[in-house]
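Data first, discussion second: the structure below is written as structure tokens.
Please treat every number below as a calculation from the coordinates, not as lab data. This one's a predicted model, so the numbers in the text were calculated from it and none came from an experiment. All Cβ positions, glycine included, derive from the backbone under ideal geometry; neighbour counts span all protein chains shown.
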Amino acid sequence: MAADTGVGAAERVAGLDRLELGPRKDGGPGVWARKLWKGTWPKVLAIVIVVGAWQLVVLAEWRPVFVLPPPSRVFDELVRVVPTASFWDSVLLTMGRAATGFGLAVAIGMIIGIAVARFQPLRAAIGSLITGMQTMPSIVWFPFAILLFKISEEAILFVVVLGAAPSIANGLISGIDYVPPTWKRVGQILGMRGFGLYRHLIIPAALPSFVSGLKQGWAFAWRSLMAGELLVIVPGALSIGVRLQTSRDLNDAPGLLAYVIIVLCVGIVVDIVFSAADKALRRRWGLTV
């Protein structure tokens, strides 16, 4: 049979794919409202519990108020800071670094993941190394990054990529490993070979595990970035990490905690996006109801 790695082979296997996909579900406004409430109220309850416990600790005078301010003072600081242009400049700078570093990590992680999954000698050579790098604390790389790139944006991005790429690669490797061999044989029977087999069959089949790897990779990238912005302060770049460090230097506890909450909120928002994508993908594959 002549090799066919183009769209034609993908179209022929599409019918087989649909047999594995879960049914699409339509819902009216009432259904979406119930889903929104179901997903929102546990988070609201958690916030109420945390704020209540925080207020109780403040009332117990465990630490002086200038060290551990009450939630009301931190909330007032958030209300004062968030509408300012300088705050959004800091957010854009930090998120730009995060997007750039994470994008590079995704590209590098995919290349490494596909190469390791496809070539057994390469897996034997560096498979354990990738896992070992994933478990290393990102902060360990900063002295080396500063030695290589001095105090610069490149030093921060270097550590962000090293922190995220191994998780992304491992997620893709795991997903490829769990693609059923029968699917690969079907693809080969339909004429898929080499890159076409990976593009049209193996990578789509590995998406659930790959999305989980992306989610974990983002978590590592975000933590690495925050550590980098605290340790590698680039002159003239007022990022969120710089503002955290400045608040600490000025003993501004409300400002410090306000920026901690902002970092937490960014992490939560991105996690919600990844969780929604993962849930939609699993539902489409018929893995959830």
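Some points to look at:
- In a simple Cβ point-charge model (Lys, Arg +1; Asp, Glu -1; nothing else charged), the chain has a dipole of about 1020 debye relative to its Cα centre.
- Using a Förster distance of 22 Å, the FRET efficiency for THR84-VAL260 (Cβ separation, nearest 0.05): 0.80
- Distance distribution P(r), segment 208-289, all Cα-Cα pairs, bin width 10 angstrom from 0: 17, 36, 24, 15, 7, 1 percent.
- Overall dimensions of the chain as given by Cα atoms, namely Rg and Dmax in Å: 23.4, 79
- For the chain, the longest principal axis of the alpha carbon atoms and the long axis of helix 240-249 meet at an angle near 30°.
- Among the lysines of the chain, pairs at least eight places apart or on separate chains and with Cα atoms under 24 Å apart come to 11.
- In a fully extended conformation the segment linking TRP37 and ILE151 would gain 36.4 nm over its present Cα-Cα distance, using 0.36 nm per residue.
- Added length on full extension, which subtracts the Cα-Cα distance from 0.36 nm per residue, PHE195 to SER128: 21.6 nm
- Each of LEU244, LEU78 was scored by other Cβ atoms within 10 Å of its Cβ. Listed from fewest to most, they are LEU78, LEU244.
- Listed residue (GLY194, LEU230, ALA46) projecting farthest to the positive dipole end of the chain, Cβ model: GLY194
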